[in-house]
Amino acid sequence: MCGIVAYIGHREAYPIIIKGLKRLEYRGYDSAGVALLNGDLRVFKQKGKVADLEKAAAGEYTQGSTGMGHTRWATHGVPNDVNAHPHLSQSGDLAVIHNGIIENYATIKEGLMRRGHTFSSDTDTEVLIHLIEDIMVNAGLNLHEAVRVALKQVVGAYAIVILSKNHPEHLIAARKGSPLVVGIGKERGEFFMASDATPIVEYTRQVIYMNDGEIAVVENDELTITTINNEIQTPYIHELEMNLEQLEKGGYPHFMLKEIYEQPKSILDSFRGRIDPMSAEIIMRSIRDYEEKLKNINRLILIGCGTSWHAGLVAEYLFEEFARIPVEVEYASEFRYRNPVIYGDDLILAISQSGETADTLAAMELAKNKGATVFGVCNVVGSSIPRLSHAGAYTHAGPEIGVASTKAFTAQVTVLALIAMAMGKLRGALTGEQLRALMYELESIPTKVEKALKLNDEIVKLSELYKDSHNFLYLGRGYNFPVALEGALKLKEISYIHAEGYPAAEMKHGPIALIDENMPVVVIATNSAHYEKVVSNIQEVKARKGKIIAIVTEGNTGLNNLADHIIEVPETEESFSPLINTIPLQLLSYHIAVMRGCNVDQPRNLAKSVTVE
Ligand code: G6P
């Protein structure tokens, strides 16, 4: 999704902005641009990557200590140079960058055109900056006031930053529904604004996460935050815990591979300090604070999008097994528009890596308005989802930069397992003995994941064999059905090979028609209550000459004569097996994508954090 970086201070803005835009590249984008104030207001913008923008601006005058930059993920208007941000007002004196969608832009545009405004792009954003200038001119308001009045007329979501040629000491930003962080520089008068903290962490650890309906104004070295109704706010200054190394590749060729390899640590970090096998206690503040509520809830609804929805599907099995509670798992985008039946004794659990997914946020708001208790399981500290939740837990996986989610998924599953275990205890569904056994097993998972990562060389060879396939099928049952979905999603996302995940037994109701000697079928056949049934499904694939890649538990030789390839993974409890079985599937999609020459960390058309619906 669109990325925003802005700077005002005493240093050269351009290098800070370019570096910041590169840090935001992971969000996904198709064009980039900058605006700089240096007596004049200069704009450079370009379809393509930030590197293309740099080439376009090479040799140009890029000096100035106030500026802003943008990476655009197209919503209104195709990705091209003209539609790239920043956009200018009618006079060319004001510039804006924007993340979000102005829904009523067409009506506003019509009115402006009647008043003589002309537009060069197809974007909703250009309409907004024309509107602001129109209000300044016709109502005689200053920039801050005009921004306030304009935003009151706007329907939709936005994070915006505005520069004015005539007020070089000004920088104005506003947020509603799209994230915006303000960094407080170490020197007086120095401020950063960005879509997330990644471009800021290099310069300062002090940040303010703006709230919806707030406007930040930097003027004469001072920052003021007001609401859209002009009430002055006292912002809370957060201390960033992120460090720069987490944002670098650390010797790996891609962030995705680095993040796959970080999983022994990220899984450990997600349960570290939260389990005590001696006392069989799960130590989580949200559980403690909501103990009574959790004992009495009648239904759990898990919501999320993409990989987070898959984590929710794994959690459905965990909660049913550990806590014996009815569970529904919903795509946030469907749930929010379905007039769902929600009761006051429902618990809604929103799952999100970024904490900014627009559909998940809207689904949470809907549930809250209907009186349900809303928990969040989220990776990005300070993001919107934890702030909207009544309570919840961070996954502590550290920044995830690769667009294809890997370590965030396993951390989500781990934290959801902890919550399910805690609820199992509260509701009397798990004994202390059972809990203790689960905790000891969980403690062994990081080492087992480490071992699963040693399969890398084997998976490289396998990838060589199947990199040119046009389709893949992934099969699993029970806990490993969502793992099959996630395996297929990873392959689709980064290698552009069509892949489908299916519950193994459902295969014969459709996908079996696709199977021939050209169809690789990845089957998760690790030890489980359904192992024998999965073997029967493998037989069905074999009978139709499909190529079988079987993921089995270490030491299992039962499939040696049936499968074309065997991948052995360490044994664990069935309920924790998704944490291990996901690893070879992540590696398979990674290597195939690399061999096909795909841009693994920034796959086409995808965004890391989807802040529009
Ligand atoms: C995008 C990302 C996916 C992610 C999904 C949900 O589509 O590319 O990797 O799973 O959004 O994002 P969230 O941040 O809410 O987990």
### Message
What is the distance in Å between the Cα centroid of the range 205-249 and that of the range 69-137?
### Response
25 Å
### Message
Among 268, 488, 600, whose Cα projects farthest towards the positive end of the dipole of the chain, with charges put on the beta-carbon of Lys, Arg (+1) and Asp, Glu (-1)?
### Response
488
## Note on the structure
Scalar couplings 3J(HN,Hα) for the range 59-71 by Karplus 6.51 cos²θ - 1.76 cosθ + 1.60 (θ = phi - 60°), nearest whole Hz, x for Gly and Pro, are x, 8, 7, 10, 6, x, 10, 10, x, 8, x, 8, 10
### Summary
Excluding ligands, DNA and RNA, the carbon-plus-sulfur percentage of the accessible area of the chain with a 1.4 Å probe reads 49 percent
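For the range 1-105, what is the Kirkwood hydrodynamic radius in Å, using each pair of distinct C-alpha atoms?
Computed over Cα pairs of the range 1-105, the Kirkwood hydrodynamic radius comes out at 13.5 Å.
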### Query
Considering amide H positions built from the backbone, and no H for Pro or chain starts, which residues 5 or more places from residue 522, or on another chain, come under 5 Å of its amide H?
473, 474, 475, 549
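Local charge sum around residue 115 (other residues, Cβ-Cβ under 14 Å, Lys/Arg +1, Asp/Glu -1)?
-1
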### Summary
Computed for the range 468-613: size of charge dipole around the Cα centre, +1 on C-beta of each Lys and Arg, -1 on C-beta of each Asp and Glu, debye to nearest 20, value 380 debye
### Query
Compactness ratio of the range 46-180: Cα Rg over 2.2 N^0.38 Å, N = residue count?
1.02
### Query
If r is the Cβ-Cβ distance from residue 296 to residue 571 and R0 is 51 Å, what FRET efficiency results, to the nearest 0.05?
0.85
#### Entry: Size of electric dipole in the range 1-50: Cβ of Lys, Arg +1 and of Asp, Glu -1, about Cα centre, debye, nearest 20
160 debye
### Summary
Here the residues of the range 7-34 lying in the modelled label zone of residue 122, meaning backbone nitrogen under 20 Å from a point 7 Å along Cα-to-Cβ, are 29-33
#### Entry: Residue-span extension gain [residue 60 to residue 527] - 0.36 nm each, minus C-alpha spacing
161.8 nm
### Summary
Going through 454/608; 508/547; 461/508; 407/608; 407/490 one by one, the pairs whose alpha carbons sit over 18 Å apart turn out to be 454/608; 461/508
### Query
How many angstrom lie between the C-alpha centres of the range 538-613 and the range 480-517?
10 Å
### Message
Starting from the 7 Å offset along Cα-to-Cβ, what nm value, one decimal, do you get for the label separation of residue 431 and residue 599?
### Response
5.7 nm
### Query
Quick one: length gained pulling residue 465 to residue 554 fully straight, 0.36 nm per residue minus the C-alpha distance?
29.8 nm
### Task
Report the charge-dipole magnitude of the range 556-613 in Debye, nearest 20, computed about the Cα centre from +1 at each Lys and Arg Cβ and -1 at each Asp and Glu Cβ.
420 debye
### Query
Given the C-alpha centroids of the range 340-372 and the range 404-436, what is the distance between them in whole angstrom?
20 Å
### Table column - 3J(HN,Hα) (Hz), the range 289-295, Karplus curve with 6.51, -1.76, 1.60, x for Gly and Pro
5, 10, 3, 4, 4, 5, 5
### Task
For the range 376-470, report the accessible area per residue in Å² (1.4 Å probe, heavy atoms, rounded to an integer).
35 Å²
### Message
Contact order normalised by length for the range 429-525, with contacts defined as Cα pairs under 8 Å and 6 or more residues apart; what percent is it?
### Response
29 percent
### Message
Just to be sure I understand the rule: take each whole DSSP H helix in the chain, project its Cα atoms onto its long axis, keep it if the span is 20 Å or more and its mean Kyte-Doolittle hydropathy is at least -0.5. Which ones pass?
### Response
124-139, 306-323, 407-426, 432-453, 481-495, 577-595
### Unit Cα scatterers, Debye sum, the chain: log10 I(q)/I(0) for q = 0.08, 0.09 Å⁻¹
-0.60, -0.74
### Message
Residue by residue through the range 505-512, what is 3J(HN,Hα) from phi via Karplus (6.51 cos²θ - 1.76 cosθ + 1.60, θ = phi - 60°)? Round to whole Hz and write x for glycine and proline.
### Response
6, 7, 3, 6, 9, x, x, 4
### Task
Subtract the Cα-Cα distance of residue 345 and residue 505 from 0.36 nm times their separation in residues, and report this length gain in nm to one decimal.
54.1 nm
### aspartates and glutamates with Cα under 13 Å of residue 293, excluding same-chain neighbours fewer than 8 positions away
345, 346
### Task
Towards the positive end of the charge dipole of the chain, with charges on Cβ (+1 Lys, Arg; -1 Asp, Glu), say which of 18, 135, 256 has the farthest Cα.
256
### Principal semi-axes in Å for the range 111-265 [√(5λ), Cα gyration tensor, largest first]
34, 20, 14
### Query
Convex hull over the alpha-carbon atoms of the range 501-613: what's its volume per residue in Å³?
155 Å³
### Task
Please report, largest first and rounded to whole Å, the three semi-axes of the ellipsoid equivalent to the range 326-458, where each semi-axis is the square root of five times an eigenvalue of the C-alpha gyration tensor.
28, 21, 12
### Message
Could you sort the peptides 85-94, 274-283, 293-302 by per-residue average Cβ neighbour count (10 Å cutoff), highest mean leading?
### Response
85-94, 293-302, 274-283
### Query
How far apart, in nm, are two points set 7 Å out from the Cα along the Cα-to-Cβ line at residue 562 and at residue 234?
6.8 nm
### Nitroxide proxy distance, nm - points 7 Å out along Cα→Cβ at residue 138 and residue 52
3.7 nm
### Task
Could you point to the residue in 399, 422, 435 farthest towards the positive end of the range 371-460's charge dipole, with +1 and -1 charges on the Cβ of Lys/Arg and Asp/Glu respectively?
422
## Note on the structure
Residues meeting the amide H criterion for residue 328 (H placed from the backbone, H to H distance under 5 Å, 5 or more places apart or on another chain) are 300, 301, 302
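The values are calculated or read from the model by the stated rules, or taken from the named source; none is laboratory data. The model shown is predicted, which means the values in this text are computed figures rather than measured ones. Heads up, the Cβs are rebuilt from the backbone with ideal geometry, glycines too, and the neighbour counts pull from every protein chain shown. Note: areas computed on protein heavy atoms with side chains; ligands, DNA, RNA excluded. Shrake-Rupley method; radii C 1.70, N 1.55, O 1.52, S 1.80 Å.
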